[in-house]
Amino acid sequence: MTTQISPSVHIIQSEAQALQAAEQFAQLIAQNALERDRDRILPYQEVEQFSQSGLWGITVPKEYGGAGVSTEVLTRAVLRIAQADGNFGHIPQNHYYSLEVLRVGGTHEQKAFFYDQVLHGKRFGNALAEIGKKDFVRRTQLLKESDGWFVDGQKFYCTGSLFAHWIPTLTTSPDDGRLYLVFVPRGAAGVSLTDDWDGFGQRLTGSGSVEFKRVRVEPQWVVPFTDSFERPTTIGPYAQIIHAALDLGIGRGAFEATLPFIREHSRPWIAAGVDTAAQDPLLLQELGNVHVRLRAAEALLARAARFVDAAQRSPDEDSVAQASIAVAQAKALATSASVLAGSKLFELSGTSATQVQHGLDRYWRNARVHTLHDPVRWKYHAIGNYALNGVRPPRHGAL
């Protein structure tokens with residue numbers, strides 16, 4: 001299926017409008033979330049509606065015609081949408097990330113061009129990751145030759161690319177060994193997309209593979225990437241906090257799905273001595289434990305967003321380190337809380353909750369798959385090292 005530009009894209013002008021649009025879109029996609037996941041129906045129509053809402057352009061700075069929403073508002077919007085359907089919290093993640101890379105490292109001309117594209121409904125996917133090797137070396141190349149510039153290589157986990165108009169692609173230049181983010185038109189000659197993502201969660205994110213066979217690109221589509229990690233910038237914590245919001249949204253969705261099921265279908269345990277599951281004291285204890293963890297993660301997420309916003313305004317070694325640690329704290333708790341919520345849904349609701357007709361397994365599957373994105377154990381290490389030894393976290397973008 002081909003992607004199209006929406007004929008009428010709303011341009012959101014304020015943070016209040018952004019949150020209202022997120023709420024409206026969340027209510028829309030929640031209606032058929034079970035059926036889409038069960039039958040693996042890729043949400044082309046819903047993604048187009050997502051574009052029309054204007055939500056894909058909310059981080060475009062005000063001086064370029066967008067709302068320039070804060071990180072705190074962005075995470076609230078992503079969380080609410082992911083609560084309705086985790087796939088939709090994930091699909092635009094790298095779109096927002098690419099806009100941050102552009103904000104930090106792009107020229108004025110590049111910003112003006114690509115921000116305008118976004119405000120008119122064009123979507124960015126991603127082609128960052130590669131598989132097949134036990135290292136993190138990027139083997140996709142940006143070739144600068146006498147007859148033009150070309151991208152050549154293969155990528156996987158390309159979330160959102162099936163729905164995208166542009167595919168931001170992480171490349172290495174053999175000329176200088178540095179990384180560049182190349183915005184490649186999805187329809188360019190030599191670009192091949194394959195819907196081969198078969199993970200058991202986040203199944204509708206369009207996260208398959210993309211192959212680039214000597215794809216011609218223009219110099220103005222190329223944004224330096226290595227440069228943005230040689231100095232303190234918010235690219236890393238910005239990317240990670242969106243992941244945290246997504247995880248937390250999935251967890252909140254699982255919790256909210258647990259409540260009506262217990263009220264309407266579950267039975268109290270024999271020894272509880274009560275008439276309904278909603279009165280079971282041990283069930284209430286476990287439910288309360290999940291709720292506390294989700295609320296705590298929400299508080300850490302909001303706190304981390306404020307640190308990211310502060311670091312965006314005044315990026316330096318200390319502000320970016322503080323933002324990275326705050327985001328790592330939020331992401332660590334969001335990870336455990338979301339997986340716990342998806343698992344406790346079944347433990348507290350009972351065996352009948354596992355019936356396919358209810359589709360409740362999607363919450364745990366989505367949480368378990370997405371929380372594998374970056375290992376939490378290394379976040380705890382960075383947090384502890386910063387607290388005890390004052391060692392700033394590494395600036396590689398995956399913390």
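Just so you know, all these numbers are worked out from the coordinates, no wet-lab data involved. Quick caveat, the model's predicted, so the values are computed rather than measured. Because the Cβ atoms are built from the backbone with ideal geometry, glycine has one as well, and the counts that use them run over all protein chains shown.
Could you list 140, 354 in order of exposure, starting from the residue whose Cβ has the fewest other Cβ atoms within 10 Å?
Values: 140 20, 354 12.
If I rank by nearby Cβ atoms, fewest first, I get 354, 140.
Taking other C-beta atoms within 10 angstrom as a stand-in for reagent exposure, 331, 133, 155 fall in the order 133, 155, 331, fewest first. Treating each Cα of region 61-193 as an identical point scatterer and summing with the Debye formula, the log10 of I(q)/I(0) at q = 0.16, 0.22 Å⁻¹ comes to -0.91, -1.45. Think of the chain as a dipole: +1 on every Lys or Arg Cβ, -1 on every Asp or Glu Cβ, centred on the Cα centre; then among 376, 292, 219, 376 lies furthest on the positive end.
Here the chain is assigned +1 on the Cβ of each Lys and Arg and -1 on the Cβ of each Asp and Glu. Its dipole about the Cα centre then comes out at about 440 debye. For residue 133, the lysines whose Cα comes closer than 22 Å to its Cα, not counting residues fewer than 8 places off in the same chain, are 155, 213.
From helices alone, the chain scores -16500 deg cm²/dmol at 222 nm; the rule is -39500 (n - 2.57) for each run of n ≥ 4 DSSP H residues, then divide by the residue total. Farthest toward the positive end of the dipole of the chain, out of 108, 51, 158, is the Cα of 158, where the dipole comes from beta carbon charges about the Cα centre. Beyond 21 Å, the tail of the calculated P(r) for region 141-227 holds 29 percent of the Cα pairs.
Can you compute the FRET efficiency between residue 263 and residue 144 using 1/(1 + (r/R0)^6), with r the Cβ-Cβ distance and R0 = 56 Å? Round to the nearest 0.05. Walk me through the numbers before you get to the answer.
Working: r = 63 Å, r/R0 = 1.12.
Given R0 = 56 Å and the Cβ-Cβ separation, E is 0.35.
The alpha carbons of the chain occupy a box of 81, 52, 44 Å along the principal axes, longest dimension given first. Taken about its Cα centre, region 271-367 carries a charge dipole of roughly 160 debye when the Cβ of each Lys and Arg holds +1 and the Cβ of each Asp and Glu holds -1. Comparing 389, 329, 260 along the charge dipole axis of region 231-389, the residue lying farthest to the positive side is 389, per the Cβ-charge model.
Sort 370, 396, 120, 90 by Cβ crowding within 10 Å, fewest neighbours at the top. Before the final figure, lay out each step's value.
On the way: 370 26, 396 9, 120 13, 90 30.
Lowest count first: 396, 120, 370, 90.
Tell me, what does the Kirkwood hydrodynamic radius of region 231-389 come to in angstroms if you use every pair of distinct C-alpha atoms?
Working: mean 1/r = 0.0594 Å⁻¹.
Answer for region 231-389: a Kirkwood hydrodynamic radius of 16.8 Å.
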